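The values are calculated or read from the model by the stated rules, or taken from the named source; none is laboratory data. Since we're looking at a predicted model, the values are computed, not measured. Cβ atoms come from the backbone with ideal geometry, glycine included; neighbour counts cover every protein chain shown. These area figures cover heavy atoms from the full protein model, side chains too; ligands, DNA and RNA do not enter into them. Shrake-Rupley method; radii C 1.70, N 1.55, O 1.52, S 1.80 Å.
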Amino acid sequence: MTARRTPATSPTAPDAQAARLRVNEIFYSLQGESRTVGLPTVFIRLTGCPLRCGYCDTEYAFHEGGWMTVAEILTQVAGYQPRYVTVTGGEPLAQRPCTELLARLCDAGYEVSLETSGAVDIGMVDPRGGTALHQAGTMFVSLKKAQSLFGAKQKIDRLQVVVRPDANLD
């Protein structure tokens, strides 16, 4: 069921003000994890990751990919007519315009999930985008071993594990 499309870079010069992201691939497949497991989902895999985990299954996402504006990404996603969209990587939050992409996907009415390693501060996701993500979908944090970082140390102030979707642990 997987349909893959390599991102095409725009033949015309992009607007200098438009947010651009380096996209490894955009594809349509069945979600393999989370509360939407088994459901058709569009995956937006962004290029780049500050980690080099020995068990990484997407090393090709470290460097490969083309530049796309947020508008170009939204157009390509809309072509699949999805309900669910997952932004993944690499580490998607390593690219600052990812927060704009997340907000615009939520604005478009998609149920959005973000797969992140926790290596980049999730505080970068603006409150409106974060709220929309928590209401419409899920933010997945897959914590990585300290040895995976390039000398950086990630401080975790609070770790919340939700074992029941209706549990409010605040």
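Listed values, structure above:
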quantity	calculated
Qualifying positions in segment 56-70 - more than 22 Å from Asp121 (Cα to Cα) and open to solvent by 20 Å² or more (accessible area, probe 1.4 Å)	Asp57, Tyr60, Glu64, Gly65, Trp67
Subset of segment 101-138 (residues that are modelled with pLDDT under 75, in contact with a Ser or Thr (Cβ under 7 Å, 6 or more places away or on another chain) and surrounded by fewer than 20 Cβ atoms within 10 Å (Cβ to Cβ))	Met124, Asp126, Thr138
Enumeration of residues in segment 118-127 that are of a type outside the set (A, V, I, L, M) and touching a helix residue (DSSP H, G or I) at 6+ places or on another chain (Cβ under 8 Å)	Asp121, Asp126
Test: residue in segment 13-22 that is under 15 Å from Thr75 (Cα atoms), modelled with pLDDT under 80 and out of contact with any helix residue (DSSP H, G or I) (no Cβ under 7 Å at 6 or more places or on another chain)	yes
Residue ranges of strands (runs of 3 or more DSSP E) in segment 39-98 with at least 3 members among the hydrophobic types (A, V, I, L, M, F, W, C)	40-46
Per-region count, segment 47-92, residues among the aromatic types (Phe, Trp, Tyr) and at pLDDT 95 or above	2
